[in-house]
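The values are calculated or read from the model by the stated rules, or taken from the named source; none is laboratory data. These numbers come from a predicted model, not from an experiment. With ideal geometry, Cβ positions are generated from the backbone for all residues, glycine too; neighbour counts draw on all protein chains shown. Only protein heavy atoms, including side chains, enter the accessible area calculation; ligands, DNA and RNA are left aside. Shrake-Rupley method; radii C 1.70, N 1.55, O 1.52, S 1.80 Å.
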Amino acid sequence: MQLTYQQAAAEDYEALNHKLERKDSLEILKWAYQAYGDELVYACSFGAEGIVLIDMIHKVKKDAVIVFLDTDFHFKETYELIEKVQQRYPTLRIEMTKPELTPAEQAEAHGPALWKVNPDLCCSIRKLIPLEQQLNQYTAWISGLRREQSPTRANTQFVNQDRRFQSIKICPLIHWTEEEIWMYIRLHQLPYNELHDKNYPSIGCEYCTKPVLEGEDARSGRWANSNKTECGLHQDR
């Protein structure tokens, strides 16, 4: 059953999620690619969840398209990880999507260190607009959201109406715990971002990501020293 954003009603999402509720993550991915085929894309940040999904996606569709939002501000460890993933899964089509503005052009237009004075605008320029341009080419997209990550993600379903991008958002890992993510990575000896070993549970752009202290929320290192907790990719308009 293929839902489309323009045609599906709330009861359609409810019925489909009820039908899929007992399936595991690999089965959700198999269903998703059977339903959407090349109309499905994975937008990956190459965090721990992303590595798990990449490995699973490769088992289902070896030439799947994976989009990475290359903000030009990522850690060198993130770029190094992407190279390792490309070597391990050479048939996957990993696309590095960049913003229209280079860092220099953004600084000229909005001043230096926009991420400090207006992080929402910085995220919009370097993440939201580029992803919107990508998702306009597809009917549905995959995300690595897990329910336990934050209160704002606690009600995430396998199949979601994405009002922000007017798309279908598929989240195969909603029931996974962080412990299960790392069990999978170690069991399959998958490459991962070395910053995870240095108290960076959630990794974004270098300027806006700090290590997390013991006892702090896993996402507290994102947009540290501000009230911002999401870049906006998973929020309604």
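Subtracting the Cα-Cα distance of ARG164 and GLU178 from their residue separation scaled by 0.36 nm leaves 2.4 nm. Each stretch of four or more DSSP H residues adds -39500 (n - 2.57); spread over every residue of the chain, this sum gives -10000 deg cm²/dmol at 222 nm.
If you take all other residues with their beta carbon under 13 Å from the beta carbon of ALA64, and give Lys and Arg +1 and Asp and Glu -1, the sum is 0. Across the accessible surface of the chain, with the other protein chains kept in place and a 1.4 Å probe, carbon and sulfur atoms take up 47 percent. When you filter the GluC sites (Glu not before Pro) in region 1-102 for DSSP loop state and at most 15 other Cβ atoms inside 10 Å of their Cβ, you are left with GLU21, GLU100. Label-to-label distance, GLU83 versus THR97, with points set 7 angstrom from Cα along the beta-carbon direction: 2.5 nm.
Going highest first, how would you order 179-185, 87-93 by mean Cβ packing within 10 Å?
Highest to lowest by the protection proxy: 179-185, 87-93.
With all protein chains kept in place, the per residue accessible area of the chain amounts to 51 square angstrom at a probe of 1.4 angstrom.
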